[in-house]
Amino acid sequence: MPTTFQPCDEYVAEMALGVMRRYDNHKPLLDAKVKIDFVFALGACDEDGKRIADAIVKRGRVVLGQTRVVNLKDRAKGMGDAEIVLDGDRWPAFSEDEAQAILDHELCHIGVKTDRHGNAKTDDLQRPMLKLREHDFEAGWFTIVAERHGRASQERQQAKQLFDEHGQSYWPGLFNQQEVGPTRVSNLELVNA
Ligand SMILES: [Zn+2]
């Protein structure tokens, strides 16, 4: 059986609503009453029902969720304004915290288009116009290039920039450990080199 899709259980939408209410950056989605469809993708199976493919693959990599803006025609046919597809095979294994983080991530991809007064722009169906937000970071790195070319490599330069500007966000433990002892400090210097 090829990849299949099924609507998510209602609790996924409820969890997403909780995330949107909790974090201020999602307020525009609530204000514009953006309707989001949540769908589980299930990877292809062989004849015995054994999973033989990942549910969502993007540029050759497994991703746990994928978000798109629904076009006018599909909106007219009754779909939501945006669609979030989740890896339905892996979803049951996630903790509540992990599931919320995945939903938060996907919701961060959805931006509401606004006019110069800050009001949501609407389409011909009076539905909010949306734009897809890109990730803050996307790493396209070869470890072997970082090793071969060191500081001259984009790999190392981008890693350094990430560490210098957002290290606290991605490696909080490393930063907090600075005062603990010399071993930890030398770890820090290594990464920062
Ligand atoms: Zn993403």
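A few remarks follow.
- Estimated Rh, the stretch 36-136: Kirkwood, alpha-carbon pairs, angstrom: 15.3 Å
- Largest accessible area first, the residues Ile36, Ile52 order themselves as Ile52, Ile36 under a 1.4 Å probe with ligands, DNA and RNA left out.
- DSSP loop GluC sites (Glu not before Pro) with at most 15 other Cβ within 10 Å excluded, longest remaining stretch of the chain: 48-133
- For the stretch 1-95, applying the loop criterion from DSSP together with a ceiling of 12 other beta carbons within 10 Å to the trypsin sites (Lys or Arg not before Pro) yields Lys33, Lys50, Arg59, Lys77.
- Reachable aspartates and glutamates, given that their alpha-carbon falls under 19 Å from the alpha-carbon of Lys27 and they are not under 8 places away in the same chain: Glu14, Asp37, Asp81, Glu83, Asp104, Glu106, Asp115, Glu134
- Estimated Rh, the stretch 85-169: Kirkwood, alpha-carbon pairs, angstrom: 16.7 Å
- Considering only alpha-carbon pairs that sit under 8 angstrom and 6 or more positions apart, the relative contact order computed for the stretch 1-126 is 27 percent.
- Heavy-atom accessible surface of the chain: percent carbon and sulfur, 1.4 Å: 51 percent
- Cα shape, the stretch 73-128, gyration tensor, a/c 1.5 rule: oblate
- Ordered by 1.4 Å accessible area with all protein chains kept, Ser95, Ser169, Ser153 run largest first as Ser169, Ser95, Ser153.
- Rg/Rg_globular for the chain, with Rg_globular taken as 2.2 N^0.38 Å and Rg from C-alpha atoms: 1.27
- For the chain, the solvent-accessible area with a 1.4 angstrom probe is 67 square angstrom per residue.
- Rounded if a/c under 1.5, otherwise prolate or oblate - the stretch 10-59, Cα gyration tensor axes: prolate
- Sites counted here are chymotrypsin sites (Phe, Trp or Tyr not before Pro) in a DSSP loop (not H, G, I, E or B) having no more than 14 other Cβ atoms within 10 Å; the longest part of the chain that contains none of them is 24-136.
- Axis of helix 154-170 versus longest Cα principal axis of the chain: the two differ by about 80°, to the nearest ten degrees.
- Accessible area, probe 1.4 Å, largest first, for residues Met1, Met79, Met20: Met1, Met79, Met20
- GNM result for the chain, Cα springs below 10 Å: residue of Gly65, Gly80, Gly173 fluctuating most strongly: Gly173
The values are calculated or read from the model by the stated rules, or taken from the named source; none is laboratory data. Remember, it's a predicted structure, so these values are computed and weren't measured experimentally. FYI the Cβ positions are ideal-geometry reconstructions off the backbone, even for glycines, and counts take in every protein chain you see. Side chains included, ligands, DNA and RNA excluded: accessible areas come from the protein's heavy atoms. Shrake-Rupley method; radii C 1.70, N 1.55, O 1.52, S 1.80 Å.
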